[in-house]
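Here the structure comes first, spelled out in structure tokens, and everything after it is commentary.
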Amino acid sequence: MPSYVKDKRDIVVRLKRVEGQLKGIRQMIEEDRYCVEVLNQLSSVIAATQKVAAIILQDHIRGCVRDALTRDERSDDYVNELVGVVGRFTNRK
């Protein structure tokens, strides 16, 4: 079971809000809205998805990674996987 289960409702609500924002941005483009207005909305979507990612990452660390470090012989694999995920979110590879 994924570690984010306890936050699933909050995550789903946030993602539905992002869906609505994206539809609004598409409509703005179709209506030839001013670039800065579109960019402001895109910035909001980026921030919202980063927040979802942060929630899932925190849950992953507190759940999956913690469990692996305390009782799994493959704990190094989990740590390496975590380093890769964090690298993607910090634009480091």
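Since every read-out is calculated from the coordinates, none of them should be taken as a lab result. These numbers were taken from a predicted model, which means no experiment stands behind them. Glycine also receives a Cβ, built like all others from the backbone with ideal geometry; neighbour counts cover every protein chain displayed.
Among R71, R17, R26, the largest mean-square fluctuation in a Gaussian network model of the chain (Cα springs under 10 Å) belongs to R71. Can you tell me the alpha carbon radius of gyration of the chain divided by the globular rule-of-thumb value 2.2 N^0.38 Å? Relative to the 2.2 N^0.38 Å estimate, the chain comes out at 1.41.
Grab the eigenvalues of the alpha-carbon gyration tensor for the range 18-59, scale each by 5, take roots, and send me the semi-axes largest first in whole angstrom.
Semi-axes (√(5λ), whole Å): 25, 10, 4.
Counting lysine pairs in the chain that sit 8 or more residues apart in sequence, or on different chains, and whose Cα atoms lie under 23 Å apart gives 8. What the phi angles of the range 44-61 give under the Karplus curve with 6.51, -1.76 and 1.60, with θ = phi - 60°, is a coupling list of 5, 5, 4, 4, 5, 6, 5, 5, 4, 4, 5, 4, 5, 5, 4, 5, 4, 5 Hz, glycine and proline written as x. Build a GNM of the chain with springs between Cα atoms under 10 Å apart, and of Q58, Q41, Q27 the one that fluctuates most is Q27. Here the dipole of the range 3-89 is about 360 debye; that uses its Cα centre as origin and unit charges on the Cβ of Lys and Arg (positive) and Asp and Glu (negative). Within the listed set E31, E81, E19, the Gaussian network model of the chain (springs between alpha-carbon atoms below 10 Å) gives the highest mean-square fluctuation for E31.
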